[in-house]
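First the structure, in the form of structure tokens, and then the observations on it.
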């Protein structure tokens with residue numbers, strides 16, 4: 001199997017990528033506007049994007065996440081792999097993941113690498129975040145990337161705790177990523 005590069009983007013993306021990396025191995029990179037969560041990642045390949053835009057804190061909106069990615073485009077290009085499969089993971093609806101993912105996807109596609117984008121969508125109660133996630137998903141779809149989604153609103157059982165639901169999401173996406181890497185994908 002060719003080398004796999006697992007890249008988590010934004011707060012939720014870091015958690016999703018950590019689980020996917022545990023399952024599939026390969027190279028692991030973490031990208032976020034917020035410096036603090038990156039310090040806890042089990043990788044030396046971490047990148048704070050948008051230091052001027054976000055000052056090492058959360059992006060707070062997709063527009064700021066996009067601006068952060070554009071600000072750090074040179075650093076992103078220098079860190080992206082030149083070969084192998086690439087999996088970009090993020091939770092959509094927030095700032096860094098939603099805003100930066102389309103920029104990252106375009107950069108990977110320009111390198112002519114085999115790309116999978118794996119994202120979660122917010123819970124049904126999070127109307128504003130779901131709206132931002134839908135807009136972010138449309139931007140990702142416009143890149144032509146292969147995308148798999150996990151919609152929290154469809155997969156949370158009635159009395160399931162938030163923590164359990166998030167853990168289930170990470171596990172479900174990691175298993176789908178693993179199938180894609182093996183060529184058994186249900187990605188669209």
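A single member of 120, 98 is over 24 Å from residue 25 (Cα atoms) and surrounded by 14 or more Cβ atoms within 10 Å (Cβ to Cβ), and it is 98.
Taking the stated definitions as given, is residue 52 within 27 Å of residue 184 (Cβ to Cβ), over 11 Å from the mean Cα position of the chain (by Cα) and modelled with pLDDT of 95 or more? So residue 52 does not fit the description; no. For region 158-188, the candidate set comprises residues that are loosely packed, with under 10 Cβ neighbours inside 10 Å and either touching a helix residue (DSSP H, G or I) at 6+ places or on another chain (Cβ under 6 Å) or under 18 Å from residue 137 (Cα atoms) (or both); within that set, the residue that is modelled with the lowest pLDDT is 188.
Scanning region 1-17 for residues that are touching a residue at least 40 places away in the same chain (Cβ under 8 Å) and assigned to a helix (DSSP H, G or I) yields 10, 11, 12, 13, 15, 16, 17.
Regarding residue 147, is this residue within 14 Å of the chain's Cα centre (by Cα), surrounded by fewer than 22 Cβ atoms within 10 Å (Cβ to Cβ), modelled with pLDDT of 90 or more and more than 16 Å from residue 12 (Cα to Cα)?
On the way: within 14 Å of the chain's Cα centre (by Cα): yes; surrounded by fewer than 22 Cβ atoms within 10 Å (Cβ to Cβ): yes; modelled with pLDDT of 90 or more: yes; more than 16 Å from residue 12 (Cα to Cα): yes.
So residue 147 fits the description; yes.
It is to be established whether one or more residues within region 100-108 are touching a strand residue (DSSP E or B) at 6+ places or on another chain (Cβ under 7 Å) and at pLDDT below 95. Within region 100-108, not a single residue is touching a strand residue (DSSP E or B) at 6+ places or on another chain (Cβ under 7 Å) and at pLDDT below 95.
Considering only region 109-116, I want to know if a residue exists there that is touching a helix residue (DSSP H, G or I) at 6+ places or on another chain (Cβ under 7 Å) and farther than 23 Å from residue 50 by Cβ.
Filtering region 109-116 down to residues touching a helix residue (DSSP H, G or I) at 6+ places or on another chain (Cβ under 7 Å) leaves 115-116.
Checking which are farther than 23 Å from residue 50 by Cβ leaves us with 116.
Yes, region 109-116 contains a residue that is touching a helix residue (DSSP H, G or I) at 6+ places or on another chain (Cβ under 7 Å) and farther than 23 Å from residue 50 by Cβ.
The values are calculated or read from the model by the stated rules, or taken from the named source; none is laboratory data. Keep in mind that what you see is a predicted model, and the values were worked out from it rather than measured. Cβ atoms come from the backbone with ideal geometry, glycine included; neighbour counts cover every protein chain shown.
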